[in-house]
Amino acid sequence: MSIEVKDIHKSFGAFKALDGVSLDLPKGELIALLGPSGCGKTTLLRIIAGLENADYGSVRLSGEDATSKHVRERHVGFVFQHYALFRHMTVFENVAFGLRVKPRGERPSEAIIRDKVHRLLDLVQLDWLANRFPSQLSGGQRQRIALARALAVEPQVLLLDEPFGALDAKVRKELRRWLRRLHDELHISSIFVTHDQEEALEVADRIVLMNKGRVEQIGNPHEIYDEPATSFAYSFIGNVNEFRGRVEGDYVRVGEDVLAHGQKGLADGSLVVAYTRPHDTEIVVDGAGRTGISAKVNRILASGSVSRVELVANGAAREGRTDYFEVELTPAEIAGLELETGKRVRIASRRLSVFAEKS
Amino acid sequence: MLARRTRVLPGFGLSLGFTLAYLSLIVLIPLSAVFIKTAGMTFDEFWTAVASPRVVASYKLSFGTSLLAAAINAVFGLILAWGLVRYTFPGKKLVDALIDLPFALPTAVAGISLTALYAKNGWLGQFLEPLGIKIAFGPPGILVALIFIGLPFIVRTVQPILEDLDAEFEEAAASLGANRWQTFRRVVFPTLLPALMTGFALAFARAVGEYGSVIFIAGNIPMVSEITPLMIITKLEQYDYAGATAIASVMLIASFVLLLAINGLQAWTSKRQGRTS
Amino acid sequence: MNATAARLAPHSGSASRFEANIATRDAPIVKYLVLGIGLSFFVLFLLMPLIAVFLEAFRKGWATYFAALVEPDAVSAIQLTLLAAAIAVPLNLVFGIAAAWSIAKFDFPGKQFLITLIDLPFSVSPVVAGLVYVLIFGTQGWIGPWLSENDIKVIFAVPGIVLATVFVTFPFIARELIPLMQAQGRDEEEAAITLGASGRQAFWRVTLPNIKWALLYGVILCNARAMGEFGAVSVVSGHIRGETNTMPLHVEILYNEYQFAAAFAVASLLAMLALVTLAIKTYIEWRADRDVPEEIGA
């Protein structure tokens, strides 16, 4: 079902958790709500579920206004961050819960419940754990049971709060792939909350990037990574080299040095922040060049097909801090440039994105 | 549009409303009666009631013996808690269960039993009396009763902290060359201190208000072994309601202060334990 | 008593882990010294008073013992004690659940202050607790004149005894439930609601099973105090034999009349109640421990 959120505001005391969030998410996609902790993503998820009330704004599910609907009537499946499995019930009873609490008229027979629960446990590949208690399961198993339990009531939309947050790296990776596969099988509209960009980029069809209670950008992983719309999007996603300075014609002046920005419409003298990805960053060795940030090679990390060169800025690109930059090169390129630790070079960018600095 | 407020879990209004109503009816309104009644007295009346020599002597006795009993319990309670957590010994489960006896045993029963033990011809009294140690029917008897009722407070606040104490701290201390005593004094004891002080405050607060266990063994000699709660009873028996209430208001204020102190100490304990309460 | 000192909390492992670890092991002499001092203190101040109750009770033989228990005044004291507990415990049980539900499952300003207020009766002297009801319901009290006009007796009668008992046992169950339910959070109830459960279903199927041991724990402690309360009840009772005497008050009267064997006989019943309470408490702690199996993984 489609999910439409309009102009949601929510404050906790003086803290603005959500500040005018609007989303229009199509049916059947797997969507990531991505952002740093405290950006309001979990609050938004809980408002969509009906677990939290917005101060202002509306939520529409399948085109129908759900704002004043109780969570019980919204037909959402919610997977809690810490799973919220009922600790006094077996795995089987946990999954069966949603069926057992249906009003007497709609409640399926015991045989149907048993059949359905076992099918769901099969789906999450944990049928053999049916008689265990939640405390006897590993984190990854609990997560999958929580998902099976949410699916038992055949929700129209599945909401997952930091589904992999409490798991160790290896299990995380497995579960991520598994969730993607499961989604491709069931095609149920799903939203999951995460602060891990890698997770969002890898799993989601579409990413909603949030910061400080606002939506920064909505797009597919490719757009989010390669075409960041805002300064925040650039610095949050992926590795990035950052330069702060002032516009001087076709250049950005960073301390003593200048960088060509190649963009139009930048007001002369305005304060800007410029970003470039490590693989879009170039190292220039001939001393003749006027442009580029002067820097010194600090370390060369050669492993695999791509080597990373870490550099330290000579000038004070940012005041009072040592600035490190990272450039990705092939071993052949490094050899060609005769790079070695301590060598003085200049840094330029093939693709620089410039944003006005917020004062 | 403005969203309608619906709470996810039901029963907030009902449960909080009932809680507040019941709390007011049973506790707050009755307690306020003490202050309202006291406010109706002139200052002279009040002062005569709360500062007469006999009443002042009872304050000294009540607070003094309570403090001493709590201090004795702090020392021996800590030793007992250490033994229960750190060592295996036969009968440990029984000892552990019986620590709570003063919580479960009616105070009047404790009172007559302690009196029977420490009276001149009692089991313990018959040995102590020839040595010139007179326990029952005087301040030492009060002390014994207050030790009895206060002991579990110390043991039960220190014990869980001691159990949760990660062996890593002592391992680290040992690896840095500390001996056991140094480790206890510098590493373990500071960790236990907030809990120990909480237990001390709880035992003290309980002892100040205690009546049942004390009254039998105290002897209740004016100016010597009358505790403050007894002064309230005495005034009531003389139909001096105002006098009784005035003393009660002094005790209530002491209770409030102690309650605040205990809350502060508990917050400190949980902060030390790295938990949010 | 304060429930802070007697709260249902999972016990950690046995002491052997400390004795097996070089860094936490004490020298044998220290162990025997600590145990020697600690256990002597325990025997002197806890065990001996307990044993003394029973020995004194049977000092004049079984016949005297039973005679003291079946005497009409004793029987009526037992009945009154049971009645007071039978009213006070359910009232405070309902209150405890309501208070814990509102405090643990919802956010509202002044919550911490409310918790402190609930603790208040713990730190009020029982004598003061009795006095406050005299100030309200006594002949000179706020509504005393109205009560006597309508021929209703509260003070020096059963209602006063029940009220005083309710007051002193007020926080017991709430104080067991509040921290537990706060620690459990609201996730499980919210999960139940998202799965379509009604509020009532969420409470009966999810909340209650999670708190049952703490609830029972609070109930038995509340009951022990309700049956054993002396100071507060003493103030409001009037000590009318056969009418307003509870068991502890009956013990006092017998003792003051130098009927020591009879006093200890009734006291032994109360001591037995205490032992049963401790036994149930120990059982609950063991069950609650067992219901929390070792965690596997994270």
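The set of residues from the range A:114-169 being of a type in the set (S, T, Y) and in contact with a helix residue (DSSP H, G or I) (Cβ under 8 Å, 6 or more places away or on another chain) comprises just one member, A:S138. On inspection, C:Y65 qualifies as farther than 28 Å from B:S15 by Cα and either surrounded by 15 or more Cβ atoms within 10 Å (Cβ to Cβ) or within 14 Å of chain B (Cβ to nearest Cβ) (or both). Just one of the numbered conditions (1) within 10 Å of chain C (Cβ to nearest Cβ); (2) of a type outside the set (G, A, S); (3) assigned to a helix (DSSP H, G or I); (4) over 28 Å from C:F137 (Cα atoms) is not true of B:L20: (4). For the range C:205-235, enumerate the residues that are of a type outside the set (A, V, I, L, M) and more than 12 Å from chain B (Cβ to nearest Cβ). Passing the criteria: C:R205, C:P209, C:N210, C:K212, C:W213, C:G218.
The residues of the range B:119-164 that are more than 23 Å from the chain's Cα centre (by Cα), assigned to a helix (DSSP H, G or I) and more than 7 Å from every other protein chain (Cβ to nearest Cβ), listed by number, are B:G125, B:Q126, B:F127, B:L128, B:E129, B:P130, B:L131. Quick check, is C:E188 touching a Leu at 6+ places or on another chain (Cβ under 9 Å), of a type outside the set (A, V, I, L, M) and either within 11 Å of chain B (Cβ to nearest Cβ) or over 20 Å from C:A52 (Cα atoms) (or both)? For C:E188, the condition - touching a Leu at 6+ places or on another chain (Cβ under 9 Å), of a type outside the set (A, V, I, L, M) and either within 11 Å of chain B (Cβ to nearest Cβ) or over 20 Å from C:A52 (Cα atoms) (or both) - is met. When C:L83, C:L120, C:L47, C:L93 are screened for being of a type in the set (A, V, I, L, M), facing chain B (nearest Cβ under 10 Å) and out of contact with any Pro (no Cβ under 9 Å at 6 or more places or on another chain), only C:L47 passes.
Where helices (runs of 4 or more DSSP H) sit wholly within the range C:170-223, those with at least 1 residues that are closer than 27 Å to B:V27 by Cα and not charged (D, E, K, R) occupy C:172-184.
Counting only helices (runs of 4 or more DSSP H) that sit completely within the range B:210-277, those holding 2 or more residues that are surrounded by fewer than 16 Cβ atoms within 10 Å (Cβ to Cβ) and touching a helix residue (DSSP H, G or I) at 6+ places or on another chain (Cβ under 7 Å) correspond to B:241-272.
Of note, C:I173 does not satisfy the criterion of being β-branched (V, I, T), more than 11 Å from chain B (Cβ to nearest Cβ) and more than 19 Å from B:R206 (Cα to Cα). Within the range B:167-185, residues that are within 7 Å of chain C (Cβ to nearest Cβ) and crowded, with 17+ Cβ neighbours inside 10 Å reach partners that are in a helix (DSSP H, G or I) and among the aliphatic types (A, V, I, L, M) with beta carbons closer than 8 Å, at six or more positions or on different chains, in the pairs B:E170/B:V187; B:E170/B:V188; B:R180/C:V30.
Checking each residue in the range C:18-29 for being part of a helix (DSSP H, G or I) and more than 7 Å from every other protein chain (Cβ to nearest Cβ) picks out C:A20, C:P28, C:I29. Taken across the range B:192-201, residues that are at pLDDT below 90 and more than 19 Å from the chain's Cα centre (by Cα) do not occur at all. Would you confirm whether any residue within the range B:37-59 is within 7 Å of chain C (Cβ to nearest Cβ), surrounded by fewer than 19 Cβ atoms within 10 Å (Cβ to Cβ) and without any contact (Cβ under 8 Å) to a residue 12 or more places away in the chain? Within the range B:37-59, none of the residues are within 7 Å of chain C (Cβ to nearest Cβ), surrounded by fewer than 19 Cβ atoms within 10 Å (Cβ to Cβ) and without any contact (Cβ under 8 Å) to a residue 12 or more places away in the chain.
Condition check ((1) without any contact (Cβ under 8 Å) to a residue 40 or more places away in the chain; (2) over 30 Å from A:I218 (Cβ atoms); (3) in a helix (DSSP H, G or I)) across all residues:
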{"residue": "A:L44", "(1), (2), (3)": "no, no, yes"}
{"residue": "A:R72", "(1), (2), (3)": "yes, no, yes"}
{"residue": "A:E106", "(1), (2), (3)": "yes, yes, no"}
{"residue": "A:D122", "(1), (2), (3)": "yes, yes, yes"}
{"residue": "A:Q125", "(1), (2), (3)": "yes, yes, no"}
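Only one entry of B:L31, B:L67, B:L78 meets the criterion of being in a helix (DSSP H, G or I) and either at the interface with another protein chain (Cβ under 8 Å from one of its Cβ atoms) or free of Cβ contacts under 8 Å to residues at least 12 places away in the same chain (or both), and that entry is B:L31. Restricting to the range C:236-267, and then to whatever is closer than 18 Å to B:G122 by Cα and within 8 Å of another protein chain (Cβ to nearest Cβ), can you tell me which residue is surrounded by the most Cβ atoms within 10 Å (Cβ to Cβ)? Checking each candidate, the answer is C:A267.
Residue pairs whose Cβ atoms lie under 8 Å apart, separated by 6 or more positions or on different chains, with the first residue in the range A:164-186 and touching a residue at least 24 places away in the same chain (Cβ under 8 Å) and the second hydroxyl-bearing (S, T, Y), are A:F164/A:T194; A:G165/A:T194; A:V171/A:S138; A:H183/A:S190. Of the candidates B:I262, B:I227, B:I215, B:I221, the single residue that is over 21 Å from B:A74 (Cα atoms), β-branched (V, I, T) and modelled with pLDDT under 90 is B:I221.
One residue alone among C:I178, C:I103 is farther than 30 Å from C:H250 by Cβ and either aromatic (F, W, Y) or within 9 Å of chain B (Cβ to nearest Cβ) (or both), and that residue is C:I103.
The residues on offer are B:A116, B:A97, and the sole one that is of a type in the set (G, A, S), at pLDDT below 95, assigned to a helix (DSSP H, G or I) and more than 18 Å from B:L151 (Cβ to Cβ) is B:A116. The strands (runs of 3 or more DSSP E) located wholly in the range A:173-243 that include 1 or more residues which are at negative phi and among the charged types (D, E, K, R) occupy A:206-211, A:214-219. For the range A:50-67, the candidate set comprises residues that are crowded, with 20+ Cβ neighbours inside 10 Å and more than 9 Å from chain B (Cβ to nearest Cβ); within that set, the residue that is nearest to A:I191 (Cα to Cα) is A:L61. Does B:P90 qualify as being more than 10 Å from every other protein chain (Cβ to nearest Cβ), out of contact with any Ser or Thr (no Cβ under 8 Å at 6 or more places or on another chain), modelled with pLDDT of 90 or more and over 29 Å from B:T234 (Cα atoms)? For B:P90, the condition - more than 10 Å from every other protein chain (Cβ to nearest Cβ), out of contact with any Ser or Thr (no Cβ under 8 Å at 6 or more places or on another chain), modelled with pLDDT of 90 or more and over 29 Å from B:T234 (Cα atoms) - is met.
Pairs needed: first member in the range C:193-204, within 9 Å of chain B (Cβ to nearest Cβ) and surrounded by fewer than 19 Cβ atoms within 10 Å (Cβ to Cβ); second member anywhere, assigned to a helix (DSSP H, G or I) and among the aliphatic types (A, V, I, L, M); C-beta distance under 8 Å; at least 6 residues apart or different chains. The qualifying pairs are C:G199/C:I193.
The values are calculated or read from the model by the stated rules, or taken from the named source; none is laboratory data. Since the structure is predicted, the reported quantities are computational estimates derived from the model, not experimental observations. All Cβ positions, glycine included, derive from the backbone under ideal geometry; neighbour counts span all protein chains shown.
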